[in-house]
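Below is one structure; the comments refer to it alone.
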Amino acid sequence: MGKLVGTAVQSSFLGDSRYTGVFTRHFNYVTAEYEMKWDPIERAQGVESFSGGDAIVAFAAAQGMQVKGHALVWHGSVPAWANTLAPAAFRTAFENHIRSVASHYRGRVLAWDVVNEAVADDGSGLRDTVFRQKLGDTYIADAFRLARDADPQALLFYNDYSGEGLGAKSNRIYDLVKSLLAQGVPIDGVGLQMHVTATNPPPDASIASNMRRLADLGLLVNISEMDVRLRDVPGTQQTKLDVQKNVYHSIVGLCVAEPRCHAVTFWGFTDAHSWIDAQFGADDPLLCDEQYAAKPAFFGVLDAFRRR
Ligand code: XIL
């Protein structure tokens with residue numbers, strides 16, 4: 001099975017020919033880094049703006065690329081006005097949002113991240129979000145059903161972080177998606193975000209086992225937001241880059257080796273544009289440097305796709 005190779009982008013970068021040159025040459029799958037989330041689409045209640053996402057989708061269509069929508073339900077992008085709604089009004093807004101956005105992009109996205117990061121970091125249960133507080137735990141099943149009704153063709157994913165290898169959190173994610181399937185909820189796959197450090201990535205065997213047990217449920221898996229921080233690797237910059245290359249090589253190789261892994265998406269491709277610097281401190285987590293030159297990591301990923 002051929003794998004899709006994706007990157008997150010922002011529409012504002014698409015006017016930069018140096019950016020688009022690398023983007024169109026190396027990727028066939030694209031995800032909006034934030035412009036298809038709830039807050040940017042509906043900053044004011046009832047007033048939707050699809051311009052950013054539409055620009056990305058149009059660019060992708062012109063290039064023959066596939067698109068993954070990201071993300072219909074995420075606590076990190078709830079519009080301020082929605083947080084203050086009473087439960088009944090929140091439910092209406094939630095349902096309208098999913099229906100409206102999934103319908104808007106119907107036929108133009110291959111897949112959606114329907115629910116993002118709903119499991120608590122310690123794996124003890126669901127994360128305590130505004131969705132859970134106002135709608136109860138069944139909001140997850142509701143979201144997938146609403147998305148399927150609005151866009152029957154799109155592959156529907158649950159997406160999360162720190163559940164890449166085996167452990168308490170991935171066990172909880174596994175139980176969640178298994179129970180959704182048992183209830184007949186339309187879910188097609190699980191995204192493993194893969195924001196990792198070069199010093200301490202989840203072990204390969206652990207990621208492979210986790211992918212396999214999800215695949216055994218009949219689900220697809222994908223690596224959905226990969227980046228590899230190198231700052232804490234001891235030694236010279238060259239050493240850091242080499243360790244980073246090995247991590248990219250081995251983890252991407254796990255998707256290549258897993259028949260049910262259908263895509264690897266990187267959370268950007270140039271160190272000039274990465275969320276990591278703002279979130280975790282200055283770093284060089286992506287495949288190309290700030291001048292858009294291929295780093296060792298780039299060749300590690302190429303080797304992985306060539307099964308070398
Ligand atoms: C991040 C983007 O990279 C930022 O630009 C934005 O401001 C906030 O969101 N997990 C996710 C992504 O699922 O949506 C997040 O993206 C990174 C963590």
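The values are calculated or read from the model by the stated rules, or taken from the named source; none is laboratory data. None of the values given here were measured: they were computed from a predicted structure. Here Cβ is always computed from backbone atoms with ideal geometry, including for glycine, and neighbour counts include all displayed protein chains. Just so you know, the surface numbers come from the protein's heavy atoms only, side chains and all, with ligands and any DNA or RNA stripped out. Shrake-Rupley method; radii C 1.70, N 1.55, O 1.52, S 1.80 Å.
Alpha carbon centre of region 154-171 versus region 244-270: separation in Å?
The distance from the Cα centre of region 154-171 to that of region 244-270 comes to 15 Å.
Per residue, what volume in Å³ does the convex hull of the Cα atoms of the chain enclose?
125
So who's got an amide H within less than 5 Å of the one on residue 69, skipping anything under 5 residues away but keeping other chains? H placed 1.01 Å off N, in plane.
Sorted by chain and number, the residues that satisfy this are 110, 111, 112, 113.
Helix 87-104 versus the longest principal axis of the chain: what angle, 0 to 90°, nearest 10, using Cα atoms?
60
Mean 1/r over all different Cα pairs, inverted: what Kirkwood radius does region 51-130 give, in Å?
14.3 Å is the Kirkwood radius here.
Percent of accessible area on region 257-303 owned by carbon and sulfur, 1.4 Å probe?
Accessible surface attributable to carbon and sulfur in region 257-303 totals 56 percent.
Using a 4.7 Å cut-off between beta carbons, which cysteines in the chain end up with no partner cysteine at all?
288
How far, in degrees from 0 to 90, does helix 204-216 lean away from the longest principal axis of the Cα atoms of the chain, to the nearest 10?
Relative to the chain, helix 204-216 is tipped by roughly 40 degrees.
Under the Karplus relation 6.51 cos²θ - 1.76 cosθ + 1.60, θ = phi - 60°, what is the ordered set of whole-Hz ³J(HN,Hα) values for region 267-282, x standing for Gly and Pro?
Each residue's phi maps through the Karplus curve to give 8, x, 9, 10, 4, 5, 9, 9, 5, 4, 4, 6, 8, 10, x, 3 Hz.
Quick one: accessible area per residue over the chain, 1.4 Å probe, rounded to a whole number of Å²?
39
Sequence-distant or interchain residues sharing an amide H contact under 5 Å with residue 261, placed H: which?
Result for residue 261 returns 221.
Any chance you could list P(r) for region 233-308, counting all Cα-Cα pairs in 10 angstrom bins from zero, rounded to whole %?
Histogram of Cα-Cα distances, whole percents per bin: 20, 48, 28, 4.
Per-residue HN-Hα couplings for region 72-84, Karplus 6.51 cos²θ - 1.76 cosθ + 1.60 at θ = phi - 60°, whole Hz, x for Gly and Pro?
Rounded to whole hertz, the list is 5, 10, 9, 5, x, 9, 8, x, 4, 4, 6, 4, 9.
What list of ³J(HN,Hα) couplings, whole Hz, do you get for region 295-301 from phi and the Karplus terms 6.51, -1.76, 1.60, once you set θ to phi - 60° and write x for glycine and proline?
Once θ is set to phi - 60°, the couplings for region 295-301 become 8, x, 4, 4, 6, x, 5 Hz.
Which value results for Rg/Rh of region 76-189 when Rg is the Cα radius of gyration and Rh the Kirkwood radius based on the inverse mean 1/r?
The Rg/Rh ratio comes out at 0.96.
Out of residues 5 or more away from residue 126 or on other chains, whose amide H comes under 5 Å of its own, with H placed 1.01 Å from N in the peptide plane?
120
Under a 10 Å cutoff between Cα atoms, tell me which one of 59, 280, 27 has the largest fluctuation in the Gaussian network model of the chain.
280
So what is log10(I(q)/I(0)) for region 132-197 at q = 0.12 1/Å, when the Debye sum runs over its Cα atoms only?
Debye output, listed in q order: -0.34.
Compute log10 of I(q)/I(0) for region 155-259 with the Debye formula, placing one identical point scatterer on every Cα and leaving out solvent, at q = 0.16 Å⁻¹, to two decimals.
-0.67
Restricting attention to the alpha-carbon atoms of region 1-150, what are Rg (one decimal) and Dmax (integer), both in Å?
16.2, 48
Tell me which trypsin sites (Lys or Arg not before Pro) from region 1-70 have a DSSP coil assignment and no more than 14 other beta carbons within 10 Å of their own.
Qualifying residues, ordered by number: 43.
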